[in-house]
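For reference, the structure discussed in these notes is given below.
What follows draws every value from the coordinates through simple rules; no lab data is involved. Computed from a prediction, not measured in an experiment: that's the story for all the values here. Methodologically, a virtual Cβ is constructed for each residue, glycine included, from the backbone with ideal geometry; neighbour enumeration extends over all protein chains shown.
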Amino acid sequence: MVIGIVSSRADRRRDAGDEHRETQRGRVTRMAPVISNTASSATASTLLPQVLAHCEASQPSAVERLTALLRIPSVSTDPAFEGEVRRAAEWLTADLSSMGFTAEVCKTIGHPMVVAHHPGVGSEAMHAPRVLFYGHYDVQPADPLELWTSPPFDPVVVDGPQGKRIVARGAVDDKGQVMSFLEALRSWHAIAGGPPVPVTLLLEGEEETGSRSLEPFMHEAKDRLAGDICIVSDTGMWDIDTPAITTRLRGLVYLECTVHGPTRDLHSGMYGGAVPNPIQVLADVIHSFHDGNRRITVAGFYDGVEELSAETRAQWESLGFSDAEFLGDIGLSSGFGEQGRSCLERTWSRPTLEVNGIFGGYTGKGAKTVIGAFATAKISCRLVGQQDPERIKAALKSHILARLPAGCRATFEEHGANPAISVRESSPFLTVANDALFEVYGRKPLLIGTGGSIPAVGSIKQILGMDALLIGFGLDDDRVHSPNEKFELRCFHSGTKCHAAILGKLASVKQR
Ligand code: BES
Ligand code: MN
Ligand code: MN
């Protein structure tokens, strides 16, 4: 396939492309020829139209590559899938190597990281901002399996109301979005011999389990991960025609609490009424977390929570978000939460304390008259503003311990603590992103918040000193973490073009 002007450079491109196909088929990692960083008269902005045309022409093969990655069940939370997580890292490393990247699967205390680097090609690259792309190749468990209409790791492309979509675990979170960036790199490689700016990728295999290895790894690999701006594609759009840049992420504190009572399970007739039942104690504790207005009662919980500025409130109101649609989509007709606040406000700007799982006693079929010796709740808090994750964790533990009756004790397992993130709403990088998204969609992107969390973004700021551009291509109905997760192919392909355009436009920002 030859697109645009064919030159001797194009021949090299085609060779590199052939090598890539061989790599993916034969599973051998070989370096593509590295094209030297020589001056050329073509600037990134003159090449961009060809790169975008290449993205478009590559769509069918891009879907094939995404399908291959989605077939690897890289479930990070389940030790049974450890080898598969590694296989996904190797797959990505091979793919990046085929595009002239120096790519490596790096060992960590947990699942491996993929780190890849390309110095960039063309005369602008040495002065342009260095991009660090962060994404994750691990996925959430697929269960409940019986609710999938096709097997979660056997991707299918099906028709939907917005065109074709790919259905598989990880389709949008985050393999599809990671591949939208890789496809953009592939097109730059094909047209120009490489990206027009220096690019480093950090692809994590533990995001869905709280990014345990990330901070130690970042300290260790700080020099290799250096950059001027971080791009993350793990969030959503406003709607399928309207791109968005996310400027707020909520933080997350996750605590598993087990209440222990009697030393063993008891006959509920022989002992019932005379001893504490851990399930009921735990239920009382959970009940105490909120007051009648759904405000959280944990002492100091709201320290650092900020009210919206009049400006942000007005901007959010102008978005025209429909609570009825948001709720209707999940079978609800009325909202629930802190009094007097809209769904957007509740999910983007307010903290939560929720129970994500609860078990104890007898949960099998039929009836068993028993008082269980323990009961467990998985509790998480979404944080906003300046809420301090460590203080929230400590306050939550004290709140629980203070409410246990004599004869009960509690133990805790911690699963991560990350602060909320807010990104500056004006920077030269944001301007570039705005222009790029406008070029692809013909619409200015909206600045939005999200209720979700991406722990890495805080670490990237703290340890690597970089701001993040959160530009994602998911939609609210993508069923993230649910059965039948999907990614609209329109979002995948437009996302690819946006990344290609962002890279092209960053080349003309003089950073160094
Ligand atoms: N990509 C999501 C975060 C997200 C979800 C952003 C929806 C925007 C919209 C990410 O993979 C995720 O699921 N994060 C977890 C946190 C993690 C520590 C398990 C989350 O938000 O629950
Ligand atoms: Mn994600
Ligand atoms: Mn996720």
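Tabulated data
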quantity: Ratio of Rg to Rh over the stretch 193-340 (Cα coordinates, Kirkwood Rh, two decimals); calculated: 1.08
quantity: Under-5 Å amide H pairs with G227, H placed in peptide plane, nonlocal only; calculated: none
quantity: Three semi-axes of the equivalent ellipsoid, the stretch 160-273, Cα gyration tensor, whole Å, largest first; calculated: 44, 23, 14
quantity: Modelled FRET efficiency - R0 41 Å, H219 with T431, Cβ distances, 0.05 increments; calculated: 0.80
quantity: Packing-based exposure ordering (other Cβ within 10 Å, fewest first) of D159, D228, D174; calculated: D159, D228, D174
quantity: Full-extension gain in nm, S422 to T242, via 0.36 nm per residue minus C-alpha separation; calculated: 62.7 nm
quantity: Which of G372, S288, I358, positive extreme of dipole for the stretch 283-432 (C-beta unit charges); calculated: G372
quantity: Paramagnetic label zone (point 7 Å from Cα along Cα-to-C-beta, H415; backbone N under 17 Å) in the stretch 66-82; calculated: 75-81
quantity: Ascending count of other beta-carbon atoms within 10 Å, so fewest first, for L52, L266; calculated: L266, L52
quantity: Sequence-distant lysines (8 or more away, or on other chains) whose Cα lies within less than 20 Å of K461; calculated: K222
quantity: The stretch 390-476 - Rg over Rh from alpha carbon coordinates, Kirkwood radius; calculated: 1.19
quantity: Semi-axis lengths (Å, descending) of the ellipsoid that matches the C-alpha gyration tensor of the stretch 360-512; calculated: 44, 23, 11
quantity: Contour minus Cα-Cα distance for E307 and A373 (0.36 nm per residue); calculated: 19.4 nm
quantity: Lys, Arg +1 and Asp, Glu -1 on Cβ, resulting dipole of the stretch 210-297 about Cα centre, debye, nearest 20; calculated: 280
quantity: Along each principal axis, Cα extent of the chain, largest first, Å; calculated: 87, 53, 46
quantity: Computed FRET value (nearest 0.05) for D329 with A402, which takes r as the C-beta separation and R₀ as 30 Å; calculated: 0.15
quantity: When the stretch 372-441 is reduced to its Cα atoms, the Kirkwood hydrodynamic radius in Å; calculated: 16.2
quantity: With 5 Å bins from 0: P(r) over the stretch 278-431, alpha-carbon pairs, percent; calculated: 1, 7, 14, 16, 16, 14, 12, 8, 5, 3, 2, 1, 0, 0
quantity: Extension gain, Q280 back to I109 (0.36 nm per residue minus Cα-Cα distance, nm); calculated: 57.7 nm
quantity: Alpha-carbon radius of gyration plus Dmax, which is the widest Cα pair, for the stretch 29-172 in Å; calculated: 18.3, 57
quantity: Size of electric dipole in the chain: Cβ of Lys, Arg +1 and of Asp, Glu -1, about Cα centre, debye, nearest 20; calculated: 540
quantity: Neighbour-count order for F101, F289, F133, F336, fewest beta carbons within 10 angstrom listed first; calculated: F336, F289, F133, F101
quantity: C-alpha long axis of helix 44-57 to longest principal axis of the chain, angle in °; calculated: 70
quantity: Test item: Cα-centred dipole of the stretch 241-375, Lys/Arg +1 and Asp/Glu -1 on Cβ, debye; calculated: 620
quantity: Lysine pairs meeting the criterion (Cα under 25 Å, 8 or more apart or interchain), as found in the stretch 318-457; calculated: 4
quantity: Label-point separation in nm, S318 to A80, each point 7 Å along Cα→Cβ; calculated: 5.2
